[in-house]
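See structure below.
Only the coordinates and a few stated rules stand behind these numbers; no lab work does. Nothing here was measured: the structure is a model prediction, and the numbers come from that model. Don't worry about glycine lacking a Cβ; one is built from the backbone with ideal geometry, like all the others, and counts go over all protein chains shown.
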Amino acid sequence: MDKKIKGLKFVFEPRSIAIVGASATPNKIGNVLVRNFIDSRFPGDVYPVNPKYQDLFGLKCYPKVSDIPGKVDCVIIATPAETVPAVVEDCAKKKVGGIIILSGGFEEVNRHDLAQKIKDTADKAEIPVIGPNCLGVFNPYTKVDSIFLPMYKLERPKAGNIAFVTQSGAVGSTVMDLTAYYGMGMSKFISYGNGTVLDESDYLEYLMHDTKTDTIILYLEGVKDGRKLLQTMKKVNKVKPIIALKAGKGSGGQAAARSHTGNIAGSYLAYNAAFKQAKVTEAGGIDEVFDFVKIFDQPMPKGNRMGVITNGGGMGVLTADYIEAEGLALAKFNDNTNKELAKILPSYGNVANPLDLVADAGVEAYGRAIDVMMEDPNIDGLIIIVLTQTPPIDERIIHVLTKAIDEQTKPIVTISVGGTYTEVYRKILESKGVPSYNSPKAAVKAMERLVTYSKYYRQLAKAKK
């Protein structure tokens, strides 16, 4: 692994942070950054850097990074573009561990001269540099937070196993906010902007070895080295699933991408082909990113045969249609499953797949049906539809579904369609690690992506033997 990639540990797990451009003025970036580390109770040392101040927030303030006594692991720079190359040189003199440059005004506005100075210094000193023109990083495990959007406006996610690598700070902040809203956990957030020193491939390489990360989301507008990205995705996706979202598919979007980060978006067909070649899961939008990422925390299915449970016949039929459309199959229950399910249903019910528990089915029926289907070797995954509007369904269904997730040997997705009341249930389920969807189409599509990746993963495992 490249020394600069290895050096990212100083960015994500620093014992000391220096903030260049620290400010006493409320709402300025340098002010928000210092408060982030104070409010989140960062366990290491925090050094504000600004020659205008003697101290800030009770912390001693230094004129330059090189004036700070002792080791400085990570430096966050939030000063005008023209000043940044000199600050990076000072950091190299100090032999800091890593640098995050939030400042804009480089490749995206054709100031390639400033960007080249940063790159030359970083390469010579072998210092990892994130940015410029970015939001930087967030690591809930170590309380590192260079996101300059106030916490009361942008909620931070809890610690989890999903890493997000994004070229766009705006898209990144949106995904971060939604991740927190749904109670999902994040291992690392990396907004890399122009990617002047380290690019998206380098971050994928780092995350492949990160023990806290199980699934990686990658948002791309354009890349400098497409061949490098393809080879890296091939390597990383064999170890951890990558969910990719490509923007700039049309000519207008491609032009916007270049003015955004200074990277050329290129032909979408080339990206699409690369994703397919690397077996990367491609999302069509932010909604699909969330649809897909939450299912990859599930056990790998052995096949494509689905068992469906519902308390509304029509929703079961719609789900069956989408199962067929996505190339999945409705499982054929074995004899024991048919026998046990018949005991659960009322006298007027029929054992079939989808299994309609009928509208007056209670929470207990769901629990028993799930247990029976989990034992059937003919079933590779469960799709559970819960119409929360029916009278027998109450908050106990949350316990039943959470218990099923805790004890599962097969992937489970749930579908609940409705308004405010239903959405409250869905949000609680999401926060407890139960993949919940508000449409049969979204749920089945997500399950198909897991089945496809699982098939690829099993083939790799078989080839290694």
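Identify all aspartates and glutamates with a Cα-Cα distance to residue 212 below 18 Å; exclude those on the same chain that are fewer than 8 residues away in sequence. Within the straight-line limit of under 18 Å, residue 212 reaches these aspartates and glutamates: 13, 145, 202, 297. Converting the Cα gyration tensor eigenvalues of segment 299-464 into ellipsoid dimensions via √(5λ) gives semi-axes, longest first, of 24, 19, 15 Å.
Classify segment 166-223: rounded, prolate or oblate, from the alpha-carbon gyration tensor (a ≥ b ≥ c, eigenvalue square roots; a/c under 1.5 rounded; otherwise prolate if a/b is larger than b/c)?
Numbers: a/c = 2.61, a/b = 1.22, b/c = 2.14.
Cα axes put segment 166-223 in the oblate bin.
The phi-based Karplus calculation (6.51 cos²θ - 1.76 cosθ + 1.60; θ = phi - 60°) puts the 3J(HN,Hα) values of segment 236-247 at 6, 5, 6, 9, 9, x, 10, 10, 10, 10, 9, 10 Hz, whole numbers, x for Gly and Pro. Taking the Cα centre of each part, how many Å lie between segment 294-349 and segment 166-184? Measuring centre to centre over Cα atoms gives 33 Å.
Taking every C-alpha pair closer than 8 Å and separated by at least 6 residues, the mean separation divided by the residue count of segment 299-464 gives a relative contact order of 29 percent.
Taking a point 7 Å out from the Cα of residue 350 in the direction of its Cβ, the residues of segment 292-324 whose backbone N falls within less than 20 Å of it are 306-324.
Counting DSSP beta bridges in the chain, what percent are antiparallel, to the nearest 5? Percentage antiparallel, nearest 5: 10. Pairs spanning more than 31 Å between alpha-carbon atoms, out of 124/279; 234/427; 279/441; 117/240; 28/432: 124/279; 234/427; 117/240; 28/432.
With a Förster radius of 30 Å applied to the beta-carbon distance between residue 2 and residue 455, the computed FRET efficiency rounds to 0.40. Extending 7 Å from the Cα toward the beta-carbon at both residue 389 and residue 126 defines two label points whose distance is 6.4 nm. In a fully extended conformation the segment linking residue 431 and residue 9 would gain 149.0 nm over its present Cα-Cα distance, using 0.36 nm per residue.
Note down the magnitude of the dipole of segment 3-295 about its Cα centre, charges +1 on Lys and Arg C-beta and -1 on Asp and Glu C-beta and zero elsewhere, to the nearest 20 debye.
Values: 38 positive and 30 negative charges, 120 e Å.
In debye, rounded to 20, segment 3-295 gives about 580.
Each residue of segment 316-326 was assigned a 3J(HN,Hα) from its phi angle through the Karplus expression (A = 6.51, B = -1.76, C = 1.60, θ = phi - 60°), giving x, 5, 4, 5, 4, 4, 5, 4, 5, 5, 8 Hz with x at Gly and Pro.
Taking amide H as placed 1.01 Å from N in the peptide plane, residue 62 has its amide H under 5 Å from the amide H of 49, 50, each at least 5 places away in sequence or on another chain.
Label segment 290-335 by shape, choosing from rounded, prolate and oblate, from the square roots a ≥ b ≥ c of the eigenvalues of the Cα gyration tensor; if a/c is under 1.5 it is rounded, and otherwise prolate applies when a/b is larger than b/c, oblate when it is not. Write down the numbers at each step before the final one.
Values: a/c = 1.72, a/b = 1.26, b/c = 1.36.
In terms of gyration-tensor shape, oblate.
Residue by residue, segment 150-162 carries 3J(HN,Hα) couplings of x, 5, 6, 9, 10, 5, 8, x, 6, 5, x, 10, 9 Hz when phi is fed to the Karplus relation 6.51 cos²θ - 1.76 cosθ + 1.60 (θ = phi - 60°); x denotes Gly or Pro. Take the convex hull of the alpha carbons in the chain; its mean projected area over all directions comes to 23.7 nm². Applying 1/(1 + (r/R0)^6) with R0 = 45 Å to the Cβ-Cβ distance of residue 399 and residue 463 gives a FRET efficiency near 0.60. Hey, with R₀ at 60 Å, roughly what FRET efficiency would residue 339 and residue 224 work out to, going by the Cβ-Cβ distance, to 0.05? The pair residue 339/residue 224 has a calculated efficiency of 0.45. Under 5 Å between amide hydrogens, built in the peptide plane, is the criterion, and for residue 415 it picks out 384, 385, 386, 437 among residues at least 5 positions away or on other chains. The distance separating the Cα centre of segment 1-73 from that of segment 409-435 comes to 40 Å. In this simple spin-label model, placing a label point 7 Å from the Cα along the Cα-to-Cβ direction at both residue 317 and residue 112 gives a separation of 6.2 nm. Model label points for residue 234 and residue 209, set 7 angstrom from Cα along the Cα-to-Cβ axis, are 2.1 nm apart. When restricted to Cα atoms, segment 123-211 yields an Rg and a Dmax of 12.8, 43 Å, respectively.
Only bridges whose two residues both fall in segment 299-464 count here: according to DSSP, what percent of them are antiparallel, nearest 5?
Working: 0 of 14 bridges.
Here the share of antiparallel DSSP bridges comes out near 0 percent.
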